[in-house]
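Enquirer: Pasting a structure below so you can have a look.
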Amino acid sequence: MDDFVIVISLIFLIATVLQVILFFKIWEMTKDVKRIKNEFLPFVKWSKFNIRVNILSGNKEKAKKLIIEKFFCSIYYEPKNFYEHKRTFEKELGQIGESVPDKIKELKSYNHFEQIFK
């Protein structure tokens, strides 16, 4: 009976140590997510500003190019929000009187986007 208690105690000790290790690994991953988010957000703010500047200065082609770049960047960093980003993209292009390119209209999901660029 004593051997059984020792074996069970060792198993619980090992499981506890592994849980602590897992906790710190997950904690590190959240820092990575924050770092990625902090790298991405300034680009979005910068691109929104530049889009507005180009629209106001009458440079629609440059604004269209920036909107397309922002769309691709958005779906790359946040693929789970693909449809939301696509609706925003279509709305932004509509606001400057431009149509959505056919290749982008054909995109059905982020996986479809990835398959095109493999």
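Nothing in this text is a laboratory measurement; each read-out follows from the coordinates by a stated rule. These numbers come from a predicted model, not from an experiment. Cβ: placed from backbone, ideal geometry, glycine included. Neighbour counts: every protein chain shown.
Enquirer: Quick one: what are the phi-derived ³J(HN,Hα) couplings along segment 7-19, Karplus 6.51/-1.76/1.60 with θ = phi - 60°, whole Hz, x for glycine and proline?
Expert: 5, 4, 4, 5, 4, 5, 5, 5, 4, 5, 4, 5, 5
Enquirer: OK, next. Of GLU78, GLU61, GLU28, which is the most mobile in a GNM of the chain whose springs link Cα atoms less than 10 angstrom apart?
Expert: Per the Cα network of the chain with a 10 Å cutoff, GLU28 tops the list.
Enquirer: Can you compute the helix-only [θ] at 222 nm over the chain? Use -39500 (n - 2.57) per DSSP H run of at least 4 residues, normalise by all residues, nearest 500 deg cm²/dmol. List each step's numbers first, then the result.
Expert: Numbers: 5 runs with 98 residues, N = 118.
The helix-only estimate for the chain comes to -28500 deg cm²/dmol at 222 nm.
Enquirer: With only Lys, Arg, Asp and Glu charged, each at its Cβ (+1 for the first two, -1 for the last two), find how big the charge dipole of the chain is about the Cα centre; round to the nearest 20 debye.
Expert: On the way: 21 positive and 15 negative charges, 176 e Å.
My answer is approximately 840 debye.
Enquirer: In a GNM of the chain with a 10 Å cut-off on Cα contacts, which of PHE72, PHE49, PHE89 has the highest mean-square fluctuation?
Expert: Taking springs between Cα atoms under 10 Å, the residue moving most is PHE49.
Enquirer: Wrap a convex hull around the Cα atoms of the chain, take a quarter of its surface area, and give that in square nanometres. Each step should come with its number before you reach the end.
Expert: Numbers: hull surface 43.4 nm².
Over all viewing directions, the chain projects a mean Cα-hull area of 10.8 nm².
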